[in-house]
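One structure below.
Derivation of every value follows stated rules applied to the coordinates shown; laboratory data play no part. The model shown is predicted, which means the values in this text are computed figures rather than measured ones. Positions of Cβ are backbone-derived with ideal geometry, glycine not excepted, and every protein chain shown enters the neighbour counts.
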Amino acid sequence: MESDKRHPFLNGLSKHRGAPPTVIVIFGASGDLTARKLIPAIYNLGVDNLLPSQFFFIGVGRKPIENKQFQEIARTSVKSFSRRDIVDDVWPRIEANIQYHAGGYDDPKSYLDLKEKILKIEESSDRKLQLLFYISTPPNVFEPILENLGASGLANHNANSPIESKVIIEKPFGKDLESAKALNQTITRNFNEKQVYRIDHYLGKETVQDLLVQRFSNAIFEPIWNRNYVNCVQITVAESLGVGTRGGYYDQSGALRDMIQNHTMQLLALVAMEPPVSLDPESIRDEKVKLLKAIQPLDLNPDNGDVVRAQYTEGLINGERVPGYMQSEGIPETSTTETYAALRLSINNWRWKGIPFYMRSGKSMSTRVSEIAIQFKRPPGILFSDDQRFDLAPNTMVLKIQPDEGVTIVMNSKVPGLETRTQPVKMDFRYATTFGSNTPEAYERLILDSMVGDSTLFIRGDETEASWKLITPILEYWKKCGKRGVEEYVAGSWGPLAAEQLLWANKNEWRRSGL
Ligand code: BG6
């Protein structure tokens, strides 16, 4: 259909009906992400009748597990984590086509055996099958898996047919610029870029997709979306959970790598990029890369620079006492890993020159909330200004990503009465009220898009490198500083004082997120 070609992003559904027969092969089959997100996502696609008519799922892992046992594990994961209850006429159809394959990720023989299994499935089906490899393992085996997929011919399966193999790669995509480049090289040695789907699950969230619709389908916002009207932009991705039992992984990562380099950078790119010429994947990704490249290198000085890092100390969250980061399981005494990071960024382009973009992300914060607040300049203080009867707030448009999804506009209004008093009020659009709740999970959208070959909501190789280019000098500088510059914040608070000061320097303040 003509319209599908022009607008793959918006015409998702009609296009999705055409997903070719598929074998999805998930590496890391007994991992947490597979149980919590991937299997429930596959199940929900099944409920919505969006899986191809021939759909097979092979879980790959190191542990020896029988097919039957893996089918049981998959059923339990649907029961425990799916947004919708298990319906018996859908699950058995999926379950009948689930297999398990045990093998070492760096063992070439295991890939040849896997290929055998796939060929058998193909023989029993009357169609050529697309292979969708989903790498959801710890990052140290990403490269062996990619190389072995290449060497075994699985990456090129069906090379002479229009159906190709594809590979989805989970985060973390490298730990700095150099390792991200090396990973990109391994990928391109074995796959073409158009076969590759780098995941950032934030892009699969409904509200993040809506950001493009809000920006580019409404005429009232675009004219004021620039340095003439905007005072600052604040991106908050706060979590109330601490590191829990993930200390071992987290201590190698930290907020900058775990959240800022990927999720918040993606939010920034979407909110600040120029309008793409069309909604096709390359036009959108070209604009994101241009934006990321326009961000200026940061001033790293811990005293009054552009970056703040901190660790949480013991505190109360929702009335419960939680231990500090340093007291959590698996954290070495010498750890300098940040559980909170805040950045002030300048974008050196025509639209945004001079306007600060702030971003912050942390664990064990007051509440779980992700949002983007675009704060507009104040009107000239001629009519309603310094008089105490006038409680005036800057106009702010808040794109609420989660958990309370919606868009809020803060404006000032007259308080009813004979005296002229003002008060900030909110205009609220809430997804749940307008559309009902139970929207698809990010992974449903992302698995579906990769099956049909729409890479709009995935990260391109140059995009991830542009983001690492900005973040890597911070990591290197922090490594040199050791503990110097690591601030503290009490668990259950909104972060360290230094992050407040980051904004005060430009006479700004963090919005009270979640309101
Ligand atoms: C992941 C991080 O990418 O995102 C986790 O590794 C974090 O540390 C998670 O908790 C947050 O995702 P969401 O969708 O719950 O906001």
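Coordinate range of the alpha-carbon atoms in the stretch 87-224 per principal axis, descending: 59, 47, 30 Å. Protection proxy ranking, highest mean first, for peptides 345-352, 283-290: 283-290, 345-352, where packing is the per-residue count of other beta-carbon atoms within 10 Å, averaged. When the Cα convex hull of the stretch 203-504 is projected onto planes of every orientation, the mean area is 18.4 nm². Taking the square roots of five times each eigenvalue of the Cα gyration tensor of the stretch 12-77, the equivalent ellipsoid has semi-axes of 24, 12, 10 Å, listed largest first.
A simple rule links phi to the HN-Hα coupling: the Karplus curve 6.51 cos²θ - 1.76 cosθ + 1.60 with θ = phi - 60°, which for the stretch 164-181 gives 10, 6, 9, 9, 9, 10, 6, 7, x, 8, x, 10, 6, 4, 4, 6, 5, 5 Hz, with x for Gly and Pro. With the alpha-carbon atoms of the stretch 318-454 aligned to their principal axes, the span from lowest to highest coordinate is 61, 47, 43 Å, starting with the largest.
Above 13 Å, the calculated P(r) of the stretch 111-172 contains 65 percent of its Cα-Cα pairs. Over all other residues within a Cβ to Cβ distance under 9 Å of Leu256, the charged ones net out to 0, with Lys and Arg as +1 and Asp and Glu as -1.
Measure up Lys63/Lys166; Lys194/Lys353; Lys353/Lys469; Lys194/Lys469; Lys293/Lys480 against 27 Å on the Cα-Cα distance and list the ones that go over. Violating the 27 Å Cα-Cα cut-off are Lys194/Lys353. Working note: Karplus 6.51/-1.76/1.60 with θ = phi - 60° gives the stretch 449-461 the couplings 4, 5, 4, 8, x, 9, 9, 3, 9, 10, 8, 7, x Hz, where Gly and Pro are set to x. According to the calculation over all Cα-Cα pairs in the stretch 2-170, the P(r) per 5 Å bin from zero is 1, 8, 17, 21, 21, 17, 10, 4, 1, 0 %. The charge dipole of the stretch 367-445, taken about its Cα centre with unit charges on the Cβ atoms of Lys, Arg (+1), Asp and Glu (-1) only, comes to about 160 debye. Over all distinct Cα-Cα pairs of the chain, the Kirkwood formula returns a hydrodynamic radius of 24.6 Å.
Summary of packing: across the peptides 189-200, 122-133, 419-430, the per-residue average of other C-beta atoms within 10 Å ranks them, highest first, as 189-200, 122-133, 419-430. Each Lys and Arg adds +1 at its Cβ and each Asp and Glu adds -1 at its Cβ; summed about the Cα centre, the stretch 203-504 shows a dipole of about 640 debye.
Classify the stretch 436-484 from the C-alpha gyration tensor, please: rounded if a/c falls under 1.5, else prolate or oblate depending on whether a/b exceeds b/c. Verdict is oblate for the stretch 436-484. Among 402-412, 35-45, sorting by the average number of other beta carbon atoms lying within 10 angstrom of each residue, highest first, gives 35-45, 402-412. Here the stretch 432-515 is described by how far its Cα atoms reach on the three principal axes: 49, 38, 26 Å, from widest to narrowest. Near the amide H of His101, within less than 5 Å, lie the amide hydrogens of Gly59, Val60, Gly61, all on another chain or at least 5 residues away, with H placed in the peptide plane. Each of Ser361, Gly247, Pro139 was scored by the projection of its Cα onto the charge dipole of the chain, and the greatest displacement toward the positive side belongs to Ser361; charges sit on the C-beta of Lys, Arg, Asp and Glu. Compactness of the stretch 61-111 was expressed as the Cα radius of gyration divided by 2.2 N^0.38 Å, which yields 1.36.
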